[in-house]
Amino acid sequence: MKTVGIIGINGRVGQNVLSELNKVKTPIEIKTFGRNDEVTPLDIGILCTDNPVSRELAPKLKDRVRFLIDMSSEFRMDPHVPLVIPEINAHAITANTHLIASPNCTTTGLVMSLAPLRNFYQFKEVFFCSYQAISGGGKKLLDDFHTPGSYYEKNCVPLIGTLLENGHTTEDLKGLYETRKIMELPDLKVYCHTVRVAVENSHSLAVTLKLNAPADLPKIKQAWNNFPNLKYMESVYTPKEASGKKDTFICRLRQDVEDNTIIHYFVTFDNLLKGAAMNGRQIAELLLEKFV
């Protein structure tokens, strides 16, 4: 039987990935390992570890794991490692691929909204402001959030990740560079501002997109609704409704009042599902279907 292993089962990401793997229809044997356990040979391994551990374990597992999916940010910008959202760039994986990176949760929501439109438009500029849930910061941040007097209680904090010398944060730059890599648009202009908000689960983004031609709103809505795991909602849709659901939701599409090549819209999705564990499961399913 085909074997799929989770390395880092004791953390929240590992537990979420396990829940997702239980949805796989192909018969598989699921094996679980702590980050310090000896890993037995696997067809597919999923690293649910932080960057330093992924950096240490990935080369050690090369001879024991045929395909390795890393859920951390460690290898995302490595030019030799595909950064994959199966609905968008499954072609980046080949039979010779060993290591595959799963992208940043916020980037995932953005590119899910962009990908269906690339058959009709060229993208001139993308701006987004994110409204990122507390759960995206892990158990430690969730515990802090539930502590009376937390800095995040009833608050918006416009800083996620490490603040760099140029004034941007590491989270801001993931939105830029990961979007370019996934969309295979190395010169795409992406302007990012990432914000942590007092919402327990599900990330959201307010997006402004400049196109190369006047926007056809009905055509854009249809493209979104025809795309897998993506839905356009005519009514307002919020993180509360998106939490626990597999789809990425878009609402409030409108044309700019002065420039008909610019559109504005709102995206919301469960950052623990499509933004993380579900995407890892989808990559594993792709590997099982095509290469294992």
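When restricted to residues that are more than 21 Å from the chain's Cα centre (by Cα), surrounded by 13 or more Cβ atoms within 10 Å (Cβ to Cβ) and among the polar types (S, T, N, Q), region 127-162 contains 1. The number of residues in region 12-29 being free of Cβ contacts under 8 Å to residues at least 40 places away in the same chain, within 22 Å of L272 (Cβ to Cβ) and not in a loop (DSSP other than H, G, I, E, B) comes to 3. Here region 88-126 is the region considered, the condition is being surrounded by fewer than 19 Cβ atoms within 10 Å (Cβ to Cβ), of a type outside the set (A, V, I, L, M, F, W, C) and part of a helix (DSSP H, G or I), and the residue that is farthest from the chain's Cα centre (by Cα) is H91.
Could you check region 13-47 and list, in sequence order, the residues that are closer than 13 Å to L61 by Cβ and within 23 Å of the chain's Cα centre (by Cα)? The answer is R35, I44, G45, I46, L47. Inside region 191-228, residues that are in a loop (DSSP other than H, G, I, E, B) and among the charged types (D, E, K, R) make up a count of 2.
The number of residues in region 140-183 being in contact with a helix residue (DSSP H, G or I) (Cβ under 8 Å, 6 or more places away or on another chain) and either among the β-branched types (V, I, T) or part of a strand (DSSP E or B) (or both) comes to 4.
If I filter region 243-254 for residues that are modelled with pLDDT of 95 or more, over 21 Å from L217 (Cα atoms) and in a strand (DSSP E or B), do I get at least one hit? There is no residue in region 243-254 that is modelled with pLDDT of 95 or more, over 21 Å from L217 (Cα atoms) and in a strand (DSSP E or B). Reported count of residues in region 51-87, each being free of Cβ contacts under 8 Å to residues at least 60 places away in the same chain, buried (at least 20 other Cβ atoms within 10 Å of the Cβ) and over 21 Å from P41 (Cβ atoms), is 5. Taking into account only those residues within region 163-180 that are under 13 Å from the mean Cα position of the chain (by Cα) and among the charged types (D, E, K, R), which is nearest to P79 (Cα to Cα)? Step by step, filter region 163-180, then rank; the result is E178. From the list V195, V267, V257, pick out the single residue that is over 28 Å from L142 (Cα atoms) and of a type in the set (V, I, T). Just a single option satisfies the conditions, and that option is V257. Residue count for region 168-202, restricted to those that are in contact with a Cys (Cβ under 9 Å, 6 or more places away or on another chain), of a type outside the set (S, T, N, Q) and either closer than 22 Å to R118 by Cβ or outside the structural domain of Y237 (by TED's automatic domain parsing) (or both): 4. Among the residues in region 56-68, are any of a type outside the set (V, I, T) and touching a Lys or Arg at 6+ places or on another chain (Cβ under 7 Å)? There is no residue in region 56-68 that is of a type outside the set (V, I, T) and touching a Lys or Arg at 6+ places or on another chain (Cβ under 7 Å).
Being touching a helix residue (DSSP H, G or I) at 6+ places or on another chain (Cβ under 8 Å), of a type outside the set (A, V, I, L, M) and part of a strand (DSSP E or B) narrows it down to one residue among T3, T32; which is it?
Just one listed residue meets the conditions, T32.
When I9 is tested against (1) assigned to a loop (DSSP other than H, G, I, E, B); (2) in contact with a Phe, Trp or Tyr (Cβ under 7 Å, 6 or more places away or on another chain); (3) over 21 Å from I182 (Cβ atoms); (4) touching a residue at least 40 places away in the same chain (Cβ under 8 Å), exactly one condition is not met: (4). Does any residue of region 257-279 turn out to be in a strand (DSSP E or B), out of contact with any Phe, Trp or Tyr (no Cβ under 8 Å at 6 or more places or on another chain) and of a type in the set (V, I, T)? The answer is yes, given that some residue of region 257-279 is in a strand (DSSP E or B), out of contact with any Phe, Trp or Tyr (no Cβ under 8 Å at 6 or more places or on another chain) and of a type in the set (V, I, T).
Out of the residues in region 229-242 that are outside any loop (DSSP other than H, G, I, E, B) and in contact with a Phe, Trp or Tyr (Cβ under 7 Å, 6 or more places away or on another chain), state the one that is surrounded by the fewest Cβ atoms within 10 Å (Cβ to Cβ). For region 229-242, the residue satisfying everything is K231.
The values are calculated or read from the model by the stated rules, or taken from the named source; none is laboratory data. These numbers come from a predicted model, not from an experiment. All Cβ positions, even for glycine, are placed from backbone atoms using ideal geometry, and neighbour counts span all protein chains on display.
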